[in-house]
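Trainee: What follows is a single structure, and I will ask about it in a moment.
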Amino acid sequence: MNISMTMDATDKSRVQSQANAFNQALSGAKGSGQELGRDDFLKILLTQLQNQDPTNPMEDKEFIAQMAQFSALEQMTNVATGFRELNESLMADRAVHVLGKTVEISQGAQTTRGTVSAVTQGGVPQVTVNNQTYDYSEIQRILQ
């Protein structure tokens with residue numbers, strides 16, 4: 001397909017930059033440090049469909065391949081979200097198990113020892129030791 005026949009220079013430049021960013025993301029390059037997500041993928045696909053030459057439309061195979069890529073991206077996103085939620089749940093569960101136990105918490109050069117008197121759950125579970133709140137991840141040792 002000859003893009004120059006159906007688009008003006010501004011549209012051509014925009015589509016080309018989107019295509020370059022998409023190709024860079026697919027190849028694993030980290031040029032600008034930004035990542036493309038499913039919304040970006042759909043925008044690129046819609047732009048391609050809107051600006052295609054009506055006398056020479058996108059081949060069925062190309063469209064199906066791009067939809068398969070989108071489906072794979074969606075599934076990877078769902079798996080990553082599931083793992084993130086599972087990790088948060090496991091961290092919260094582990095934090096509850098230290099309730100009533102003596103722990104050592106390190107913050108830089110300072111080490112605090114005490115009994116966990118309270119636990120807050122959430123994305124970053126916290127424990128209360130000696131009336132101070134610490135992130136669960138700061139626990140270095142569980143003594144009892």
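The values are calculated or read from the model by the stated rules, or taken from the named source; none is laboratory data. Small disclaimer: the values here were computed from a predicted structure and weren't measured. Methodologically, a virtual Cβ is constructed for each residue, glycine included, from the backbone with ideal geometry; neighbour enumeration extends over all protein chains shown.
Trainee: If you go through the range 98-144, how many residues are in contact with an Asp or Glu (Cβ under 7 Å, 6 or more places away or on another chain), exposed (fewer than 13 other Cβ atoms within 10 Å of the Cβ) and aliphatic (A, V, I, L, M)?
Mentor: Matching residues across the range 98-144 total 1.
Trainee: Select from the range 40-62 the residues that are hydroxyl-bearing (Ser, Thr, Tyr) and over 21 Å from residue 73 (Cα atoms) and list them in ascending order.
Mentor: Initial filter on the range 40-62 (hydroxyl-bearing (Ser, Thr, Tyr)): 47, 55.
Passing the criteria: only 55.
Per-residue answers, yes or no, for (1) at pLDDT 80 or above; (2) in a helix (DSSP H, G or I); (3) in contact with a helix residue (DSSP H, G or I) (Cβ under 7 Å, 6 or more places away or on another chain); (4) among the basic types (Lys, Arg):
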residue: 10; (1), (2), (3), (4): no, yes, no, no
residue: 18; (1), (2), (3), (4): no, yes, yes, no
residue: 74; (1), (2), (3), (4): yes, yes, yes, no
residue: 83; (1), (2), (3), (4): yes, yes, no, no
residue: 90; (1), (2), (3), (4): yes, yes, no, no
residue: 104; (1), (2), (3), (4): yes, no, no, no
residue: 117; (1), (2), (3), (4): yes, no, no, no
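Trainee: If the Cβ limit is 8 Å and pairs must be 6+ apart or interchain, which residue in the range 77-94 that is farther than 18 Å from residue 127 by Cβ pairs with which residue that is surrounded by 11 or more Cβ atoms within 10 Å (Cβ to Cβ)?
Mentor: What qualifies is 77/37; 77/38.
Trainee: Step by step: first the residues of the range 92-102, then only those that are within 16 Å of residue 133 (Cβ to Cβ) and either basic (Lys, Arg) or not in a helix (DSSP H, G or I) (or both), then the one that is farthest from the chain's Cα centre (by Cα). Which residue is that?
Mentor: Once the filter is applied, the top-ranked residue is 99.
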